[in-house]
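What follows is a short report on a single structure.
The values are calculated or read from the model by the stated rules, or taken from the named source; none is laboratory data. The structure presented is a predicted model; accordingly, all values stated were derived computationally and were not measured. Don't worry about glycine lacking a Cβ; one is built from the backbone with ideal geometry, like all the others, and counts go over all protein chains shown.
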Amino acid sequence: MGSSMSSCCGAEKVDRSFVSGAANSSWRMFTYKELHAATHGFSENNKLGEGGFGSVYWGKTADGLQIAVKKLKAMNSKAEMEFAVEVEVLARVRHKNLLGLRGYCAGAEHRLIVYDYMPNLSLLSHLHGHLKSEGRLDWKTRMNIILGSAEGLVYLHHEVTPHIIHRDIKASNVLLDSDFEPLVADFGFAKLIPEGVSHMTTRVKGTLGYLAPEYAMWGKVSESCDVYSFGILLLELVSGRKPIEKLPGGVKRTITEWAEPLISKARFRELVDPRLLGDFDEAQLRRVIEAAILCVQGEPERRPDMREVVAIIQGSDSRVAAKREGMRIESIRYGEDLMAMDQNSDDDVDAHDHDHDVDDDNMAGGKFGNDSSVYGVFGKMDVQKMHDPYAGYGGRRNMLHG
């Protein structure tokens with residue numbers, strides 16, 4: 001990290017070469033004083049969420065910009081690395097469906113990342129969290145989220161140089177702006193792939209339920225791992241079910257295990273979230289399911305790339321048309337050692353080779369209690385206890401509660 005970063009909260013000077021490609025970036029350096037004032041001293045009233053990384057606060061800058069500030073609580077090597085990776089990646093990406101970097105501050109005692117505030121929080125909040133009863137995810141909105149998220153991954157995998165593997169595609173890392181446009185977020189686990197490299201072997205970082213089998217078991221990571229995770233996200237968006245759900249008696253079932261018998265019999269309508277009340281486009285549903293089936297194939301070479309996924313969903317790729325009858329999903333169950341670690345569908349895994357260790361700070365039984373999950377960059381907002389962060393700024397925008 002070096003001394004070039006430690007000046008931003010002190011002398012307010014910084015060597016922008018900390019981040020590659022900074023010259024053409026729209027992000028800027030923030031001083032700790034600025035962020036302290038914007039968040040009312042990192043007030044509990046402004047807190048949006050808390051996780052193993054630290055806390056996220058809503059803020060408003062002196063020029064009226066609404067921001068979310070991720071304040072890292074740890075100053076250890078692991079936190080430093082994730083901070084550096086996220087800032088490096090965020091400074092590179094420029095796409096309407098990726099949450100870019102607004103700025104950061106790094107001083108002797110502080111590490112803070114600044115994003116634009118997303119008033120509709122995360123997809124997870126609407127599928128499984130405290131906003132699910134509002135019913136704002138109609139079929140059209142879900143399709144827009146699917147295609148927008150996919151386009152963001154196309155950019156990461158095929159358009160930016162070097163290519164970027166996200167490594168943690170999940171519902172809590174798809175944020176929603178005021179118009180429910182999706183932005184893929186949280187690049188702390190991302191990998192930059194040098195030109196000509198097809199895959200890497202690395203320490204496993206990600207979320208159980210979304211992990212591709214070759215990555216979960218052997219640490220082999222490639223763009224195809226993100227494709228697998230996206231396939232799980234497709235099933236989750238269509239069905240409204242969690243990637244891993246706990247059945248009576250404590251038995252755990254993955255979403256692919258649940259979907260496999262329905263898909264094998266082409267009973268696609270029974271896959272659809274009951275909250276949609278039957279209001280969906282059957283042709284679009286079939287294409288989304290076809291894409292999901294291909295994305296979650298066990299062998300990475302059998303999965304499409306994200307450009308092909310977009311084409312399938314849009315109906316412009318006919319390569320699966322001849323195979324529509326009898327299409328099957330591959331239901332791959334994680335090993336018992338990994339399944340035993342899961343306490344709900346959104347636990348983070350920190351594993352290496354066959355020694356699967358869970359990052360305790362991110363376990364559901366830790367910071368968030370036994371019946372909740374890690375809600376992504378902006379955390380879980382408790383609406384009942386949340387003080388109005390817009391108070392005093394001309395009234396609250398009607399975005400959080402519909």
> Among the residues of the stretch 50-71, which ones are in contact with a helix residue (DSSP H, G or I) (Cβ under 9 Å, 6 or more places away or on another chain) and modelled with pLDDT under 85?
Replying inline: G51, G52, F53, G54
> Quick check: is even one residue across the stretch 214-221 closer than 30 Å to D279 by Cβ and surrounded by fewer than 21 Cβ atoms within 10 Å (Cβ to Cβ)?
Replying inline: no
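Which of the residues belonging to the stretch 161-178 are within 13 Å of E223 (Cα to Cα) and either surrounded by fewer than 21 Cβ atoms within 10 Å (Cβ to Cβ) or without any contact (Cβ under 8 Å) to a residue 40 or more places away in the chain (or both)?
Of everything in the stretch 161-178, those that are within 13 Å of E223 (Cα to Cα) and either surrounded by fewer than 21 Cβ atoms within 10 Å (Cβ to Cβ) or without any contact (Cβ under 8 Å) to a residue 40 or more places away in the chain (or both) turn out to be P162, H163.
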> Does K205 count as assigned by TED's automatic domain parsing to the domain that holds R303 and either modelled with pLDDT of 90 or more or buried (at least 24 other Cβ atoms within 10 Å of the Cβ) (or both)?
Replying inline: no
> Quick one: which of E44, E82, E86 is over 25 Å from E181 (Cα atoms), of a type in the set (D, E, K, R), modelled with pLDDT of 65 or more and within 19 Å of the chain's Cα centre (by Cα)?
Replying inline: E82
> Which residue pairs have Cβ atoms closer than 9 Å, lie 6 or more positions apart in sequence or on different chains, and pair a first residue in the stretch 248-262 that is farther than 18 Å from Q297 by Cα with a second residue that is among the basic types (K, R) and surrounded by fewer than 16 Cβ atoms within 10 Å (Cβ to Cβ)?
Replying inline: K252/K246
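How about the stretch 113-214: which strands (runs of 3 or more DSSP E) wholly inside it have at least 1 residues that are under 16 Å from the mean Cα position of the chain (by Cα) and more than 19 Å from K70 (Cα to Cα)?
Values: elements: 163-165, 174-176, 182-184, 191-193, 204-207.
The strands (runs of 3 or more DSSP E) meeting that bar are 163-165, 182-184, 191-193, 204-207.
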>> With the structure loaded, tell me whether L233 is at pLDDT 95 or above, under 18 Å from R303 (Cα atoms) and either in the same structural domain as A150 (by TED's automatic domain parsing) or part of a helix (DSSP H, G or I) (or both) or whether it fails that test.
In response: yes
> For H130, are the conditions met, namely being within 28 Å of I232 (Cβ to Cβ), in contact with a Phe, Trp or Tyr (Cβ under 6 Å, 6 or more places away or on another chain) and surrounded by fewer than 21 Cβ atoms within 10 Å (Cβ to Cβ)?
Replying inline: no
